[in-house]
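In what follows, a structure is listed as structure tokens, so that the remarks can point back to it.
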Protein chains: 2
Amino acid sequence: MKAKIITIGDEILIGQIVDSNSAWIASELTKLGFFVTSILSISDNSIQIKDTIKSSLLDNELIILTGGLGPTKDDITKNTLCELFNSTLVFNNDVYADVEAFLIQRGANMNRLNKDQALFPKDATLLRNRQGTAPGIWFEKDNKVVISLPGVPWEMRGIYKDEIEFRLKKQFNLPENYYQTIMISGIGESPLALKLENWENNLPDCIKVAYLPSLGLMRLRLGILEKTAKISKEIVEKEVEKLHIIISKYIISDTEASLQEIVFKALHNSNKTLSTAESCTGGSIAQMITEIPGSSKIFKGSIVAYANETKTNLLGVNPSLIEQFGAVSQLVVEQMAEGAKKALNTDYSVATSGIAGPDGGTDEKPVGLVWISVSGPNGTVSEKFLFGKEREINIKRSAIAALNMLRQVLLEDT
Amino acid sequence: MKAKIITIGDEILIGQIVDSNSAWIASELTKLGFFVTSILSISDNSIQIKDTIKSSLLDNELIILTGGLGPTKDDITKNTLCELFNSTLVFNNDVYADVEAFLIQRGANMNRLNKDQALFPKDATLLRNRQGTAPGIWFEKDNKVVISLPGVPWEMRGIYKDEIEFRLKKQFNLPENYYQTIMISGIGESPLALKLENWENNLPDCIKVAYLPSLGLMRLRLGILEKTAKISKEIVEKEVEKLHIIISKYIISDTEASLQEIVFKALHNSNKTLSTAESCTGGSIAQMITEIPGSSKIFKGSIVAYANETKTNLLGVNPSLIEQFGAVSQLVVEQMAEGAKKALNTDYSVATSGIAGPDGGTDEKPVGLVWISVSGPNGTVSEKFLFGKEREINIKRSAIAALNMLRQVLLEDT
């Protein structure tokens, strides 16, 4: 069953916002068994919207549109769809009641533009929006479905989960795709591919492999399309077993779990606590860990020590070490980790100190130089890294490297 | 001059990664004066790639492809382009030297797959890659250009800046588009649209307006296409002046500056320092501020106080207040802000304490309840917010609301 995702809005074409909606929808549709043939972003232009939907319907059974449903003048999707499906807008009591209830809850008043949102195509199915004022629209023709959703991410996701998922399952006879992703760290794409060359050459034809590098991590995805889930799962699991023999030391997880989730689980299972002492990562590690629901069970807090006086005053780093070796040095980062462990009274602590850039580098200590330390019940370890020149990337890489070091220490400790 | 951006890779179609490359390229091309007609993601499929490029060349002068250039088996773009342009791959000494130099710098060895990366289409222009091993490829035919770039974001950006930008300026006679974005906070999309209705109705035809809501902020974009920059700028500036009369109190910036950049500038200009005391935001505010190059000039650090004992031990919050009113309360968040200001020795401090969810809510204190406080030289203020049910959104909204409160306090103090 083929699907296409179309995003409407000039803000994407001029690069003002990143389209994260499409990836979310693609992931949901793939889970349901759809084959997403393409993802397209086009302009707020009625003719382009109509032409694109018409031609997309030739090759696809489902089209999901996002964007252009708001109350303002630049939002033209609703009218355009009416033209395309020869429908007209009529006042819809249910939408009106939903908009009114939403506004009352926020302490806001109904205005004329909100009232206009109650105008709904008379030949479409209403997809109610509990997180905002623009409802979703479901048009159906010749067993093909066109769905239009607001572009605000949490509204779009809410409507999908509440109103769309069950309807798609009912409407379409869906096959089951099967994907498994292995998380790998500590080896580059091309040495990894060489190690896996024999394995890849002997894979069953139905398995497709993709290498997905991201900062400090590599995801290896094994996929089977349009098979029954049971058989697919067995075939893929057999291949994953082989991978565990060939590249065991680089595999960090057999699931799509993030590094912070792996670390969270390890700490939670062993009933241990964590703190961080962050200089160059500026709170990124704490932020990544506290994204996880329930992280307060293992995470007590962080001291983001950006200034040297903060390293000294709050983490107890010896000022003479900073003077002698600089803040970006092994002895300082180790004292930071040990200091946080003590000040925050935790079993483990992770510390970072580096030169994120763009300024602050010297010949001896260039931009990209980062020291990371992990301190735990069995002592303190540290490692030096040399990343690149881009500040944002250096910060992210440092945070990922720190979590990966912590993961390794936790593995050894259990 | 029309351009299309095409991303190649199943990982995008199954929703495994968000395509942030296209937004970056779109923004750069728009700045150069291109009109990006659409952004498309397609599969790693040779036939689909060829068909798509052929049909896209009918309507566009420039096509930029990303993805599928790596050293592994699933990367098929290079061969597919050779088929399409009737070219063949030949060994290229420059690419070989670049790959070798890159690997030596990383302490890695040249392997067979890396050597294959030195095979380059003989009829294309080489776009050297200083951040990785896969070079960019520039094909030209009938005054139209097709560029293929690796999908790794920092490699793609590096090649664009080093090798593509100047070539595009030379190749095409580009008009100048003009966009200005006004940042707005504290008013919803539809009340704002009503306030601006008259203004919008009287706008010159050449100006296009878009409302771009994001968490806690609204960007209002005024755009003029294919005019000379000078005239466009004048027309737009006149309209921005009118906006300042109609909605002055909601405008936070006349540029695309982020809230953290606005706050950074205000602190830097007045030579003041900042710290944060974060509970529910878990380090997000510190992370947002330290993204800014040079933020160490104003930011001394943060105490992420996730556990109550951390609030007490490091921020000096009175434990009996936590017992009596709970950690999510006005008095506690004010003591957090004041405690961080003292412990980190700064002029200003921002504190957050809230229930991010999904668990931990009660009837009295539901998920989404957040207290935020700003403490400065002239005292401490605090405010209660009620956000929604999604953890990730609650964290982000809290961080943005905290920065906005700090912005307001800084405005009053100067």
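If you put +1 on each Lys and Arg Cβ and -1 on each Asp and Glu Cβ, how big is the dipole of the protein assembly as shown around its Cα centre, in Debye rounded to 20?
The calculated dipole for the protein assembly as shown is roughly 180 debye.
Figure legend: label point modelled 7 angstrom from the Cα of residue B:108 along Cα→Cβ; residues of the stretch A:384-400 with amide N under 15 Å from it are A:386-388. The Rg/Rh ratio for the protein assembly as shown is 0.95, where Rg is the radius of gyration of the alpha carbons and Rh is the Kirkwood radius.
Taking all Cα pairs closer than 8 Å and separated by 6 or more residues, the relative contact order of chain B comes to 10 percent.
In the protein assembly as shown, taking the dipole from charged Cβ atoms about the Cα centre, the farthest positive-side position among A:37, A:133, A:402 is held by A:402.
What relative contact order, as a whole-number percentage, does the stretch B:259-413 give when Cα pairs under 8 Å and 6 or more residues apart are counted? Display every interim value, and only then the final one.
Details: 324 pairs, mean separation 38.0, N = 155.
Averaging sequence separation for qualifying contacts and normalising by length gives 24 percent for the stretch B:259-413.
Relative contact order of the stretch A:2-171, taken over Cα pairs closer than 8 Å and 6 or more residues apart, is 22 percent. Starting from the label point of residue B:88 at 7 Å along Cα→Cβ, the same points in the other copies fall at 6.7 nm, in ascending order. Normalised Debye scattering of the stretch A:2-171 at q = 0.11 Å⁻¹ gives log10 I(q)/I(0) of -0.42, counting only Cα atoms as equal scatterers and leaving out solvent. With a cut-off of 11 Å between beta carbons, the residues surrounding residue B:298 carry a summed charge of +3, where Lys and Arg count +1 and Asp and Glu -1. When the Cα convex hull of the stretch B:298-350 is projected onto planes of every orientation, the mean area is 3.3 nm². Take the alpha-carbon centre of the stretch B:236-251, take the same for the stretch A:1-45, and report the distance between them in whole Å. Measuring centre to centre over Cα atoms gives 34 Å. From the mean inverse distance of alpha carbon pairs (Kirkwood) and the Cα radius of gyration, derive Rg over Rh for the stretch B:42-109. Reported Rg/Rh (Cα atoms, Kirkwood Rh): 1.06. Between copies, residue A:241 shows label-point distances of 7.7 nm, shortest first, with the point placed 7 angstrom from Cα along Cα to C-beta. The largest accessible area among B:96, B:306 belongs to the first residue in B:96, B:306, and the rest follow in falling order (1.4 Å probe, all chains). Centre-to-centre separation between the Cα atoms of the stretch A:99-172 and those of the stretch B:106-179: 43 Å. Counting only heavy atoms of the protein chains and using a 1.4 Å probe, residue A:94 has close to 90 Å² of accessible surface. Local charge for residue B:151 was computed over the other residues whose Cβ lies under 10 Å away, with Lys and Arg +1 and Asp and Glu -1, and equals -4.
Relative to the current alpha-carbon distance between residue A:97 and residue A:364, full extension at 0.36 nm per residue lengthens the span by 89.5 nm. In this simple spin-label approximation, residue B:241 and residue B:142 carry label points 7 Å from Cα along the Cα→Cβ vector, and these lie 4.8 nm apart. Projected onto its three principal axes, the C-alpha set of chain B covers 77, 60, 42 Å, listed from the longest axis down. Heavy-atom surface analysis with a 1.4 Å probe gives the stretch B:178-253 a carbon and sulfur content of 52 percent of its accessible area. The mean number of partner chain beta-carbon atoms within 10 angstrom of a residue's beta-carbon across peptide A:185-195 is 5. Computed with a 1.4 Å probe over protein heavy atoms only, the accessible surface of the stretch A:133-287 comes to 43 Å² per residue.
A simple count of charges around residue B:162, restricted to other residues whose Cβ falls under 12 Å of its Cβ and scoring Lys, Arg +1 and Asp, Glu -1, yields +1. Site pair residue A:20 and residue A:234 shows an inter-label distance of 4.0 nm when each label is modelled 7 Å from Cα along Cα→Cβ. Of the GluC sites (Glu not before Pro) found in the stretch B:208-276, the ones in coil according to DSSP and having at most 16 other Cβ atoms within 10 Å of their Cβ are B:256. The charge dipole of chain A, taken about its Cα centre with unit charges on the Cβ atoms of Lys, Arg (+1), Asp and Glu (-1) only, comes to about 660 debye.
Projection of the Cα convex hull of the stretch B:178-253, averaged over all directions and equal to a quarter of that hull's surface, yields 4.7 nm².
Using every pair of distinct Cα positions in the stretch B:324-414, the Kirkwood expression returns a hydrodynamic radius of 13.3 angstrom.
Here's the list of lysines a cross-link from residue B:144 could span, going by alpha-carbon distance under 25 Å and ignoring same-chain residues fewer than 8 apart: B:2, B:4, B:31, B:50, B:54, B:78, B:122, B:161, B:169, B:170, B:227. Solvent-accessible area lost on pairing B with A (1.4 Å probe, both sides summed) amounts to about 7000 Å².
Helix-only arithmetic for the protein assembly as shown: the sum of -39500 (n - 2.57) across DSSP H runs with n ≥ 4, divided by the residue total, places the mean residue ellipticity at 222 nm at -12000 deg cm²/dmol.
Each copy carries residue B:377; placing its label point 7 Å along the C-beta direction from Cα gives inter-copy distances of 5.0 nm, listed from smallest up. The rotation axis taking chain B to chain A passes closest to this chain B residue's Cβ, listed with the gap in Å: B:283, 2. At a 1.4 Å probe, which residues in the stretch A:276-301 are at least 40 Å² less accessible with all protein chains present than in their chain isolated? Buried on complex formation: A:282, A:287, A:290, A:293, A:300. Of the residues B:171, B:12, B:76, the one whose Cα sits farthest toward the positive end of the charge dipole of the stretch B:2-171, with +1 on the Cβ of Lys and Arg and -1 on the Cβ of Asp and Glu, is B:171.
The values are calculated or read from the model by the stated rules, or taken from the named source; none is laboratory data. All values derive from a computational prediction rather than experimental measurement. All Cβ positions, even for glycine, are placed from backbone atoms using ideal geometry, and neighbour counts span all protein chains on display. Calculation scope for accessible area: heavy atoms of the full protein, side chains included, ligands and nucleic acids excluded. Shrake-Rupley method; radii C 1.70, N 1.55, O 1.52, S 1.80 Å.
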